[in-house]
Amino acid sequence: MRWWDIDAVLELEKDLFPEDAWSRGMFWSELAHARGPAATKRYVVAVDADRLVGYAGLAASGDLADIQTIAVTRDQWGTGLGGRLLTELLRAATAFECAEVMLECRIDNVRAQKLYERYGFEAIGFRRGYYQPGNVDALVMRLTDPSTSVQGTEING
């Protein structure tokens, strides 16, 4: 993801997460730490025929990585794009030498939970009222050793 992707990312963000969409400033802040030798973040986009159809981001700190966001346009649901974006983030976590990857997922987002489970994430707890202003709980999930989840997985295009 680069700065010129932010407008398209914000459109998708507002469509998929209307109550708790990230702001332009939040994405700028994340991208400020995604380049160069001291980078601690990795943000990627998926484009189909010059149209942004997905994005994802990860933050690393020490041996722990956090998946910050994964989003895919509704017309791409069920195509495997979410899995390809997740694979890219797990590769980044491995490159950052992270031993664990954590994430929060809306408790009502069963589709995302099933994706994370397929990659080896396990539910470890809840964060009550995590998503605001809707006061929706988050399921906290953890993956130990992200390198094992991406071995033999190839991303094309």
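The values are calculated or read from the model by the stated rules, or taken from the named source; none is laboratory data. Given the structure is predicted, the values throughout are model-derived calculations rather than measurements. Every residue, glycine among them, receives a Cβ derived from its backbone with ideal geometry; neighbour counts consider all protein chains shown. With ligands, DNA and RNA removed, areas are computed over all heavy atoms of the protein, side chains included. Shrake-Rupley method; radii C 1.70, N 1.55, O 1.52, S 1.80 Å.
Brief remarks follow.
- The stretch 80-155 and the stretch 41-59: distance between their alpha carbon centers, rounded to Å: 16
- FRET efficiency for MET26 and ASP63, using Cβ-Cβ distance with R0 set to 22 Å, rounded to 0.05: 0.30
- Normalising the average separation of contacting C-alpha pairs (under 8 angstrom, six or more residues apart) by the number of residues puts the relative contact order of the stretch 14-157 at 20 percent.
- Solvent-accessible area of the chain (1.4 angstrom probe, protein heavy atoms only): carbon and sulfur portion equals 48 percent.
- Separation of the ASP108 and ALA38 label points, Cα + 7 Å toward Cβ, nm: 4.2
- Of all DSSP bridge pairs formed entirely within the stretch 54-121, close to 75 percent run antiparallel.
- Solvent-accessible surface of the stretch 1-139, taken per residue with a 1.4 Å probe and all protein chains present: 54 Å².
- The stretch 70-121: proportion of alpha-carbon pairs further apart than 18 angstrom, %: 32
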